[in-house]
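**Q** Handing you this structure, nothing more for now.
The values are calculated or read from the model by the stated rules, or taken from the named source; none is laboratory data. As the structure is a computational prediction, the values presented were derived from the model and not from experiment. Neighbour counts run over all protein chains shown; Cβ positions are idealised from the backbone, glycine included. What goes into the accessible areas is simple: the full protein's heavy atoms, side chains included, and nothing from ligands, DNA or RNA. Shrake-Rupley method; radii C 1.70, N 1.55, O 1.52, S 1.80 Å.
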Amino acid sequence: MDLSAIRAYVEQTAILAGETAMRYFRQPMQIGTKRNIRDMVTDGDKASEAVILPRLREAYPQFSIVSEESGRSEVPGAAYFWHIDPIDGTTNFAAGLPHFSISIALADAGNQALVGVVYDPCYKELFSAARGMGATLNGTPIRVSGTPVLEQSLLSSGFSADRNGREIGNLNVWHDMLLYCRDLRRLGSAALDLAYVGAGRLDGYWERGLNTWDVMAGILVAREAGGRVSDYGGGESGLYSAGEIVASNGIIHDEMLAVIAGAGK
Ligand code: IPD
Ligand code: CA
Ligand code: CA
């Protein structure tokens with residue numbers, strides 16, 4: 001497969017979807033909810049998805065699709081899957097806060113990403129990666145930070161919309177992590193959190209309860225920029241099965257895992 005060609009096509013797709021999303025941003029918009037009151041969807045999410053899906057289907061009809069708002073559409077026997085979040089950070093988007101993204105990844109059936117693109121249409125920042133080919137921001141190579149210890153680190157995290165009871169665990173981690181790192185942020189787009197780790201703006205990020213469309217593209221960007229990404233145990237098995245993710249510059253990773261393992265104890 002020509003990963004460079006796929007990457008370029010996905011980059012263009014994300015930019016077009018971002019331009020569409022921006023036509024809804026800070027305008028009166030239709031806001032609905034899905035699983036619960038925190039799980040929002042706007043007409044901007046749907047319009048962005050309506051740009052992405054036909055373009056990917058037209059160019060790559062042989063690949064299956066997993067997209068947040070319209071679900072799975074399987075091509076029998078497909079070896080590759082698109083994982084699409086038409087707007088990651090809908091709570092920010094709906095509130096007029098300029099921090100959200102379009103996230104598109106291509107992965108094999110074992111969830112190994114080949115191409116990942118995260119686009120921030122407010123700042124016109126395009127984070128992009130292809131397996132083995134490095135990660136870039138607007139075409140310039142990016143690299144994770146060199147921060148040597150957790151106590152000097154700036155980290156981010158997030159809280160799943162589906163948090164009934166479950167997120168108490170993350171409040172414990174948030175509490176403990178705050179005591180060990182320099183400072184914490186809750187920015188509101190998992191895809192951008194991961195891209196920012198890749199760009200060295202954040203030293204690390206963790207969250208639980210995520211879906212493939214939230215993180216698949218950002219994970220590839222962080223890894224191709226030299227970062228380490230694992231589940232809470234330091235392996236890979238919980239990355240998508242439990243939606244657990246820890247991403248870092250690699251240097252502070254084990255310190256982060258230790259705080260997560262000990263949180264609330
Ligand atoms: C959400 C964002 C947020 C994260 C939530 C996600 P959405 O995605 O990535 O930062 O904390 O867990 O659900 O709903 O805006 O696409
Ligand atoms: Ca999301
Ligand atoms: Ca979304």
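**Q** Would you tally the net charge around residue 246, using a Cβ to Cβ cut-off of less than 9 Å, leaving residue 246 out, and scoring K and R as +1, D and E as -1?
**A** My count for the surroundings of residue 246 gives -2.
**Q** If you don't mind, there's one more thing I want to ask. Roughly to the nearest percent, how much of the accessible area of the chain is carbon and sulfur, given a 1.4 Å probe?
**A** With neighbouring chains kept in place, the figure for the chain is 52 percent.
**Q** When every alpha-carbon pair in the chain is counted, what percent end up more than 22 Å apart?
**A** 51 percent
**Q** Right, here's the next one. Report the relative contact order of region 150-262, percent, no decimals, based on alpha-carbon pairs under 8 angstrom and at least 6 residues apart.
**A** So the answer I get is 28 percent.
**Q** With 21 Å as the cut-off, how large is the P(r) tail for region 3-141, expressed as percent of Cα-Cα pairs?
**A** 40 percent
**Q** Follow-up. If you roll a 1.4 Å probe over the heavy atoms of the protein chains, what accessible area per residue do you get for the chain, in Å²?
**A** On a per-residue basis, 41 Å².
**Q** Now, a different point. Computed over the Cα atoms of region 150-262, what is the ratio Rg over Rh, Rh following Kirkwood?
**A** Looking at region 150-262, the ratio lands at 0.91.
**Q** How far, in degrees from 0 to 90, does helix 43-59 lean away from the longest principal axis of the Cα atoms of the chain, to the nearest 10?
**A** Compared with the principal axis, the helix lies near 70 degrees.
**Q** Here's another thing I want to ask about it. With contacts defined as alpha carbon pairs under 8 Å and 6 or more residues apart, what's the relative contact order of region 96-226 in percent?
**A** 34 percent
**Q** Can you give the helix-only mean residue ellipticity at 222 nm for the chain, where every DSSP H stretch with n ≥ 4 adds -39500 (n - 2.57) and the sum goes over all residues, rounded to the nearest 500 deg cm²/dmol?
**A** Mean residue ellipticity, 222 nm, calculated: -11000 deg cm²/dmol.
**Q** Follow-up question, since we're still on this one. If the cut-off is a Cα-Cα distance under 30 Å, which lysines reach residue 46, setting aside same-chain residues fewer than 8 apart in sequence?
**A** Qualifying lysines at Cα under 30 Å: 34, 124.
**Q** Kindly express, to the nearest 10 degrees and within the range 0 to 90, the angle between helix 3-24's C-alpha long axis and the longest C-alpha principal axis of the chain.
**A** Rounded to the nearest ten degrees, it is 90.
**Q** Also, quick follow-up: Nearest-5 percent of antiparallel DSSP beta bridges in the chain?
**A** Bridges in the chain are about 80 percent antiparallel.
**Q** With charges set only on the Cβ (+1 for Lys and Arg, -1 for Asp and Glu), what does the dipole of region 1-114 come to about its Cα centre, in debye to the nearest 20?
**A** I would put it at about 260 debye.
**Q** Also: State the Cα centre-to-centre distance between region 1-57 and region 210-265 in whole Å.
**A** 25 Å
**Q** Under Stokes-Einstein, with the Kirkwood radius over Cα pairs standing in for Rh, what whole-number D in µm²/s applies to region 90-227 at 10 °C and 1.306 mPa s?
**A** 104 µm²/s
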